[in-house]
Amino acid sequence: MAKNSSLGLMERSGSCSISREVMEERVDRLQRAAFTYFLDYGDETTGLVLDQSANPEICSIASVGFFLTCLPVAVERGWIGRREAARRAAKIIQFFREAPQGAAPDATGHHGFFYHFLDVKTGKRAWKSELSTIDTALLLAGVETARVYFDGNDSDERVIRNAGLELIENVEWRWMVDKEGFVNKAWKPKRGFFGGDWEHYSEAQIMYVLAAASEEYSIPAASYHRMTERYDWRKTYGLDWIAAAPLFIHLFSQVWIDFRALNDGHCGPADLDYFENTRRAIAIQRAYADQNPKGWLGYEQDVWGLSACAGPRGRQRTLDGRRCWFRGYEARGVPDGPDDGTLVPWGPLACYAHEPEAALAGTAAVLARYPAVLKEDRFVGSFNPSLPGEGADYWTCDSLFGIDQGLLVTMIENGRTGLVWKLAQRSDVFINGLRSLGFSGGWLKA
């Protein structure tokens with residue numbers, strides 16, 4: 001392991017201006033560097049990928065799902081050969097197909113689900129982590145993306161398709177549905193189900209799509225519709241939206257599903273679909289940063305991005321002399337917080353598919369003002385301009401995270417070519433899941 005606006009973007013950095021062309025070239029480098037995280041921090045034997053660069057032992061299954069989704073992008077971009085990409089994908093999928101399932105505390109999974117964190121070398125459950133419905137879904141979304149893309153006849157591509165379908169079909173989604181019809185978030189040996197249910201608008205849309213598509217263990221569509229009845233509808237800064245505070249909630253499922261003009265009967269006004277809801281969430285994040293109600297240093301319209309991330313922890317003195325409490329790992333968000341001045345530097349660029357101009361302007365501003373947010377040419381997990389740091393005038397996280405890198409690779413590509421969205425549109429699994437949940441319109445008309 002190794003260490004939809006005007007196209008005339010001119011982002012000011014002091015007295016300098018950065019053209020759209022220069023910014024796009026920079027995005028090329030950032031996208032490729034984000035992909036190589038998975039090569040540098042993957043285990044050659046198991047194929048598993050580190051959750052974060054600072055911990056050389058622990059794999060996140062969500063990171064693996066993002067890696068599988070990024071491989072087609074890498075092949076099409078010429079960063080890796082198709083045969084090598086297929087070899088890596090087949091190794092990962094074979095590993096999960098053969099990994100031990102059962103109630104033993106060190107198994108890799110149970111009832112077709114997988115534990116959130118695994119030992120990267122053995123694949124055994126790590127950190128006494130939970131059997132995770134959403135992280136299993138993110139893994140399987142990557143498996144399905146690889147299944148659609150690798151449609152050739154060589155042995156690795158056949159393994160990807162056949163073993164991948166077994167993984168998808170073996171997940172016993174109904175086992176995770178509670179008496180009220182909601183899907184549980186997590187399960188642990190001896191403890192059972194815990195952590196509550198998926199009851200509100202969240203990153204779990206992709207989970208519902210996969211669960212509804214299951215041949216043998218599908219959840220009833222009523223589970224999804226009951227969840228949508230609990231949406232938090234708000235008007236914020238003059239915009240109607242389905243509120244969810246952290247940025248990542250508005251992005252994760254849309255890595256795979258192009259929600260433009262798709263309608264499940266719960267989106268609200270005729271001009272609002274889930275894609276547009278994400279665009280409004282971005283606008284609200286930018287407006288919040290511009291108004292900066294808590295007076296944190298560095299916030300402005302182009303320096304924004306509140307999401308789940310690691311951060312500084314404990315009571316500390318800020319650069320402007322205040323004594324404040326900082327929250328460590330937290331799902332930060334807008335407009336109600338929590339907000340302790342910690343931002344995700346990858347946030348604007350991850351919005352490239354929804355708001356390319358805001359993405360480029362935000363990325364240019366962050367890199368100009370806070371260059372230490374890049375490590376190994378990749379964005380670190382977070383930064384806080386209000387606190388002093390080591391080696392810079394501001395605090396930065398010391399680690400890279402696989403899910404952040406995967407989100408960047410895929411959302412940049414969706415904004416440029418729509419590749420991951422197009423692969424999903426060829427997937428019977430995704431199509432059947434969406435239709436089972438009552439989605440219609442958009443590309444589903446075809």
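The values are calculated or read from the model by the stated rules, or taken from the named source; none is laboratory data. Note that the structure is a prediction, hence the values are computed from the model and not measured. Positions of Cβ are generated from backbone atoms using ideal geometry, with glycine treated the same way; all protein chains shown enter the neighbour counts. Quick note on the areas: whole protein, heavy atoms, side chains included, nothing else; ligands and nucleic acids left out. Shrake-Rupley method; radii C 1.70, N 1.55, O 1.52, S 1.80 Å.
Structure notes:
- Set Arg26, Arg97: member being in contact with a Ser or Thr (Cβ under 9 Å, 6 or more places away or on another chain) and modelled with pLDDT of 95 or more: Arg26
- Condition check for Ile412: open to solvent by 10 Å² or more (accessible area, probe 1.4 Å) and under 22 Å from the mean Cα position of the chain (by Cα): no
- The sole residue among Leu387, Leu423, Leu400 that is under 30 Å from Cys267 (Cβ atoms) and crowded, with 20+ Cβ neighbours inside 10 Å is Leu423.
- The conditions of being of a type outside the set (Gly, Ala, Ser) and either crowded, with 21+ Cβ neighbours inside 10 Å or over 16 Å from Gly362 (Cα atoms) (or both) are met by Glu276.
- Residues located in the range 174-233, provided they are in contact with a strand residue (DSSP E or B) (Cβ under 6 Å, 6 or more places away or on another chain), over 20 Å from Leu131 (Cβ atoms) and part of a helix (DSSP H, G or I): none
Yes/no per residue for (1) closer than 21 Å to Leu408 by Cβ; (2) among the hydrophobic types (A, V, I, L, M, F, W, C); (3) modelled with pLDDT of 95 or more; (4) open to solvent by less than 10 Å² (accessible area, probe 1.4 Å):
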site	(1), (2), (3), (4)
Thr236	no, no, yes, no
Phe248	yes, yes, yes, no
Val255	yes, yes, yes, yes
Gly268	no, no, no, no
Asp271	no, no, no, no
Arg280	no, no, yes, no
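Quick grid of which residues meet (1) in contact with a Phe, Trp or Tyr (Cβ under 6 Å, 6 or more places away or on another chain); (2) over 20 Å from Tyr274 (Cβ atoms):
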site	(1), (2)
Pro293	no, yes
Gly298	no, yes
Asp302	no, yes
Pro312	yes, yes
Asp320	no, yes
Val334	yes, no
His354	no, no
Ala359	yes, no
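- Residue within the range 136-151 that is in a loop (DSSP other than H, G, I, E, B), touching a strand residue (DSSP E or B) at 6+ places or on another chain (Cβ under 6 Å) and open to solvent by less than 20 Å² (accessible area, probe 1.4 Å) present: no
- Some residue of the range 109-124 being over 30 Å from Trp198 (Cα atoms), part of a helix (DSSP H, G or I), out of contact with any strand residue (DSSP E or B) (no Cβ under 6 Å at 6 or more places or on another chain) and modelled with pLDDT of 95 or more: no
- Top-ranked residue in the range 100-135 [being open to solvent by 10 Å² or more (accessible area, probe 1.4 Å) and aromatic (Phe, Trp, Tyr); ranked as farthest from Gly406 (Cα to Cα)]: Trp127
- Taken over the range 314-329, the criterion of being farther than 18 Å from Pro293 by Cα and either small (Gly, Ala, Ser) or out of contact with any Lys or Arg (no Cβ under 9 Å at 6 or more places or on another chain) (or both) is satisfied by Gly314, Gly328.
- Residue check, Asp240 over 23 Å from Thr145 (Cα atoms) and open to solvent by 10 Å² or more (accessible area, probe 1.4 Å): yes
- Cβ-Cβ contacts under 6 Å between residues 6 or more apart (or on different chains), taken from a first residue in the range 330-357 that is surrounded by fewer than 24 Cβ atoms within 10 Å (Cβ to Cβ) to a second residue that is modelled with pLDDT under 95 and not hydroxyl-bearing (Ser, Thr, Tyr), are listed as Glu357/Leu9.
- Some residue of the range 205-227 being within 30 Å of Ala287 (Cα to Cα), surrounded by fewer than 20 Cβ atoms within 10 Å (Cβ to Cβ) and not basic (Lys, Arg): no
- When residues of the range 33-71 are limited to those that are among the small types (Gly, Ala, Ser) and assigned to a loop (DSSP other than H, G, I, E, B), the one most open to solvent (accessible area, probe 1.4 Å): Ala54
- Residues within the range 301-329 that are out of contact with any helix residue (DSSP H, G or I) (no Cβ under 8 Å at 6 or more places or on another chain), open to solvent by less than 30 Å² (accessible area, probe 1.4 Å) and charged (D, E, K, R), tallied: 0
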